[in-house]
Amino acid sequence: MKNSRRWVGLIVLVVLAVGGWTSTYIYRAARLCHVAYNFEKQVRYLVDSGGTIGQSPAAETFSVDYLKAVFGEDPDLLDKLKSVIQKGLAEEPTLNLGEVAAMIVTYHKDKEGKVQDLVVHAVGGFALAREKPAFHRNGYFFEQLDKNLWSYGNMLVGFLGRDVILFSNDEKVSQAQRELLNSLMSGEVTNLVATLEPPLYFTAVFPDPRNIMPPELRKHAQAVVMKGFLGHYKGEWECLVLTDSPRATDFTYNVLYDMKRMAEITLKTRWKGTVHQTAWGPVIDPWWAFEMVKAIERSTMVKEENLVHAKTIFERVMVNAILKAAERMGRDLAAMRGIQQDKLDPREVDAQLATRTPLHYWSEGHVWGPDWPIPPMIGSNTTSKTDSFASSPTSSPAATQQTAVKTASP
């Protein structure tokens, strides 16, 4: 009898544990759906109303104390950054009267690790306001992407298209950066590729990210900082979310972790970012989704008292995926600019963008697949797993032929 009672008690405990575990995951799944729905609704409102991700007074963002709080870990970068901003404000004092949506800092490092070619991009609303660009509704992204993703991208492009002020102590560096931005807005990535050797370091600060965050996180996230570097054969990205309390940190961490898992599942199921076993061997289709899954799987996410820190590293093929996304976005912006801003006949704009590639959304030099614009490094171990499936000369002829078909997407 005693043994029977023990077994019954054990079964009850197991049922309660499983039930609690199940209910927790059901609650988190429901919360994630609710977050996604509210975020999508907020994004659509921003798109329709012309809103931005949120702005902070320029005087606060450019202050020495704020710069020290964000960039204080690197004294060399902080000193050069203060010098560049002080010079820019001295030349144009009215910039302090504007509002900053983001401050993006890019630079290279020399062999000794010293900062060079530093450029500060102040993005926001200034006295010289400009019309905000956006994805035009006949563009590549509207046709290819889910409507929710298109709206999110539309909001980001609208934010990035606001007035951009460049700060630099070297006029040649400033001019090179302007030419780089102009080429990107036209869908040409060759200039950007040239700047990635040595790697290009970046830090993006969002001093008031209330609209870029899901509504449930809006009151918790005080600031967002993204930083890392992009090189030919390696890249790194990390994100810091500053919250107002340890309890807010726990909630923010849980929501962001669930969003990370949902992104991984979506890439594996909807976009098939996995290795498919076929009669002729393993095949990757599409390669960019597979690389994104790898980047997510490599990522780490930790929480501290008032901080959530996410980080991932990636390799050459993922760098190519990023560059091709920039190319598509740039050509879409070029079409929009010709039709909506320059008021040209759509047929004339189409003729200007015409290339031999389908839909005119890739440059003349564009090559499909994971090996453009940065090819594999011959005779080294820097090629990724995608390379071994997509273009390895040691693969069987059948596998190589099939993979060539499967990875012939941009």
*In which sequence would GLU297, GLU348, GLU236 go, from the one with the fewest C-beta neighbours within 10 Å to the one with the most?*
GLU297, GLU348, GLU236
*Which FRET efficiency value, to the nearest 0.05, do you get for GLN277 and ASN191 by plugging their Cβ-Cβ distance into 1/(1 + (r/R0)^6) with R0 = 41 Å?*
0.50
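Taking R0 as 56 Å, what's the FRET efficiency between MET377 and ALA59 from their Cβ-Cβ distance, rounded to 0.05?
After rounding, the FRET efficiency stands at 0.75.
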*Pull out the extension gain between GLU238 and GLU92, defined as 0.36 nm times the separation in residues minus the alpha carbon to alpha carbon distance; nm, one decimal.*
49.3 nm
*Give the long-range amide H neighbours of GLY187: residues separated by 5 or more places, or on another chain, with amide H under 5 Å away, using H modelled in the peptide plane at 1.01 Å from N.*
GLY330, ARG331
*Mind giving me the FRET efficiency for GLU171 and ALA69? R0 is 25 Å, r the Cβ-Cβ distance, nearest 0.05 is fine.*
0.25
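Quick check: residue separation of MET262 and GLN116 times 0.36 nm, minus the Cα distance between them. What number comes out in nm? Can you show the working numbers first?
Working: separation 146, 0.36 × 146 = 52.56 nm, distance 3.89 nm.
Separation in residues times 0.36 nm, less the Cα-Cα distance, equals 48.7 nm.
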*Among GLU264, GLU171, GLU60, GLU112, rank each residue by its count of other Cβ atoms within 10 Å, from fewest to most, as a rough exposure measure.*
GLU112, GLU171, GLU60, GLU264
_Flagged links, alpha-carbon separation over 29 Å, of LYS109/LYS260; LYS82/LYS260; LYS114/LYS260; LYS114/LYS234_ = LYS109/LYS260; LYS82/LYS260; LYS114/LYS260
*Taking neighbour Cβ counts within 10 Å as the exposure measure, how do PHE290, PHE71 sort from fewest upward?*
PHE71, PHE290
*Residue by residue, what Karplus-based ³J(HN,Hα) values in Hz, rounded to whole numbers, does the stretch 259-268 have, using 6.51, -1.76 and 1.60 with θ = phi - 60° and x for Gly and Pro?*
5, 4, 5, 5, 4, 5, 5, 5, 5, 7
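Read the figures in this text as sums done on the coordinates, not as results from a lab. Just so we're clear, the structure is a prediction, and the values are computed from it rather than from any experiment. Note that each Cβ is placed from the backbone with ideal geometry, even for glycine, and that neighbours are counted across all protein chains shown.
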